[in-house]
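Some notes on the structure that comes next.
The values are calculated or read from the model by the stated rules, or taken from the named source; none is laboratory data. Note that the structure is a prediction, hence the values are computed from the model and not measured. When we count neighbours, we look across all protein chains shown, and the Cβ atoms used for this are built from the backbone with ideal geometry, even at glycine. When the accessible area is computed, the model is the full protein with side chains, heavy atoms only, and any ligands, DNA or RNA have been set aside. Shrake-Rupley method; radii C 1.70, N 1.55, O 1.52, S 1.80 Å.
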Amino acid sequence: MIASILSLLLDVAIVGLLVATIIYALRLNRQLSAVKESRAELEELVKGFAEATAQADSSVKGMRRTAQELGEALAALITRAQTLKEEMELIVQAADGLANRLEAASGKARAAVMPSAPPPPLTAAPLPRPSAPAAAAAVRAATSAPPPQAPSPGGPEPRSRAEKELLQALENLRP
C-alpha cells in the first residue's frame, strides 16, 4: 500500500512537471515565432536601408560632378575677370599719362596765350581717378579733337607705348 501511494505521488509529480514543461515549451514557441516575424521585418528594413544608401551615394556623386563643373566655370570667370582687371589698369594708367600730357599741353597753351600771367602752381595731391567708363569717354573725347599745342621745333611729339595701346583699344571699342 505504501508502495502504491508512493507510486501515485510519483506519477502526480511527474504529471505536474510535464504540464510545466508543456507550458514552458508553448511560451518558447510563441517567442520563437515573434523572433521569426521580426526577422522578416528586419530583413525588409535592411533592404530599404541598402536602397537608400545606394541612392544617397549616387546623389553625392552627382553633386560632386556638378560642383566640379561649377568650380571649373567659376575658375574660368575668375581668370577672365583678372584679365579684364589688368587691361583696365593699363587703360587707367594710359589715361593718367594722357591726362598729364593734356594738362601740360594746356599749361603751355595758356602760357603762350597769356605770357604775362605766371603759370598756376602744381599741387602735390594726386588727381582723383575717374571711373573706367568716364576715363574711356574722356580719352575718346581727347583723341577725337587734338588740343591746340604750340608748335614744337622737333615736330610732333612721339607717343608712348601705353598711349598707342590705349588708342588701339579705343578704336576697337568704337562701333
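Shape verdict for the range 32-101, please, from the Cα gyration tensor: rounded (a/c under 1.5), prolate (a/b greater than b/c) or oblate.
Prolate shape, in that a/c is at least 1.5 and a/b is the bigger ratio.
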Overall form of the range 1-70 per C-alpha gyration tensor (a/c, 1.5; a/b vs b/c):
prolate
Could you report the accessible area of T83 in Å², rounded to 10, computed with a 1.4 Å probe on the protein chains as they sit in the structure?
60
With a Förster radius of 35 Å, plug the Cβ-Cβ distance of M1 and R27 into 1/(1 + (r/R0)^6) and report the FRET value to the nearest 0.05.
0.35
Students often check this: by mean Cβ neighbours within 10 Å, which of 104-111, 43-50 ranks highest, and how do the rest follow?
104-111, 43-50
Ignoring everything but the protein chains, give the 1.4 Å probe accessible area of M88 in square angstrom, nearest 10.
70
Could you name the lysines whose alpha carbon sits less than 19 Å from that of K47, not counting residues in the same chain fewer than 8 places away?
K36
25 Å Cα-Cα reach of K164 towards lysines, excluding residues that sit fewer than 8 places from it in its own chain:
K85, K108
Put L84, L17 in order of accessible area, largest first, probe 1.4 Å, and you get L17, L84
